[in-house]
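In what follows, a single structure is set out as structure tokens and then discussed.
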Amino acid sequence: MDSIYIIGGGPSVAETNLDLIKDKFVIGTNAAFYLGEWIDVCFVLDCRFYKWRQDDLEKWPNRIITTCPELKGHPKIEVYKKCTTCGICYHDGYLAVPDSGKNAGATAINLAILMGAKKVVLIGYDMKVKQGRHNYHNYHNHTPRDDVYNKFFVHFKKIKEELPEGIEIINATPDSALSLFPKVSLKEALNK
């Protein structure tokens, strides 16, 4: 698979023309499955989110992947183990979830690479509070602390350090605080 698009949870998702990627392979983190069945994979890192939205997630027809160990054996959900030492983990059945800051968006990059992506395009990776909001949706039952992003950056830095040659990560969140990867508009990312 050449390109995989990942939808994070940042407020900019609400301002992004997602119609541009409805025919692409898309991994959506957490609440992105609510955007529609055109999302190919829903990746849930936060086990609390699964509990909060369990009924809706279990009705969703597409693939669901998580690192929540308590869901092992669930007939509908693929459960990976957590690798806490890597930015990108290649061990069979593992995804990188460093203790430095559990971040669904960063771990979804690992998933995209394991799925064979040569180009990973990030959408909604704001990595900051925007107009008082952490997310484009209201499906979380808590409000994160404003300093949560400091922990997230540690994982992204490890990903950049471990990124193999031949794999490109593009941040299609132009106003993102995440500057480790080239930032472009989504239209530009589609044409790269």
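The values are calculated or read from the model by the stated rules, or taken from the named source; none is laboratory data. Just so it is clear, the model here is predicted, and its values are computed rather than measured. Every residue, glycine as well, gets a Cβ built from its backbone with ideal geometry; the counts of neighbours run over all protein chains shown.
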Can you spot a residue in region 24-31 that is surrounded by fewer than 24 Cβ atoms within 10 Å (Cβ to Cβ), at pLDDT 95 or above and outside any strand (DSSP E or B)? yes
Residue that is farthest from the chain's Cα centre (by Cα) [pool: residues in region 74-84 that are under 13 Å from residue 110 (Cα atoms) and either part of a loop (DSSP other than H, G, I, E, B) or of a type in the set (Asp, Glu) (or both)]: 84
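Per-residue answers, yes or no, for (1) surrounded by 15 or more Cβ atoms within 10 Å (Cβ to Cβ); (2) modelled with pLDDT of 90 or more; (3) touching a Lys or Arg at 6+ places or on another chain (Cβ under 6 Å):
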{"residue": "145", "(1), (2), (3)": "no, no, no"}
{"residue": "152", "(1), (2), (3)": "yes, no, no"}
{"residue": "166", "(1), (2), (3)": "no, yes, no"}
{"residue": "192", "(1), (2), (3)": "no, no, no"}
Any idea which of (1) outside any strand (DSSP E or B); (2) in contact with a Leu (Cβ under 8 Å, 6 or more places away or on another chain) is the one residue 70 doesn't satisfy? (2)
For residue 113, indicate whether it is out of contact with any Gly (no Cβ under 9 Å at 6 or more places or on another chain), outside any loop (DSSP other than H, G, I, E, B) and touching a residue at least 24 places away in the same chain (Cβ under 8 Å). yes
Filter pass, residue 6 being part of a strand (DSSP E or B), in contact with a Leu (Cβ under 6 Å, 6 or more places away or on another chain) and under 28 Å from residue 154 (Cβ atoms): yes
For region 32-56, name all the residues that are buried (at least 18 other Cβ atoms within 10 Å of the Cβ), at pLDDT below 90 and part of a helix (DSSP H, G or I). 49, 50
Some residue of region 122-134 being out of contact with any Gly (no Cβ under 6 Å at 6 or more places or on another chain), at pLDDT 90 or above and surrounded by 17 or more Cβ atoms within 10 Å (Cβ to Cβ): yes
Residue 180 being modelled with pLDDT of 90 or more, under 20 Å from residue 83 (Cα atoms) and either crowded, with 18+ Cβ neighbours inside 10 Å or not acidic (Asp, Glu) (or both): no
Residue tally, condition touching a helix residue (DSSP H, G or I) at 6+ places or on another chain (Cβ under 6 Å) and without any contact (Cβ under 8 Å) to a residue 60 or more places away in the chain, over region 77-88: 2
I need a count of the residues in region 58-73 that are aliphatic (A, V, I, L, M) and over 16 Å from the mean Cα position of the chain (by Cα). 1
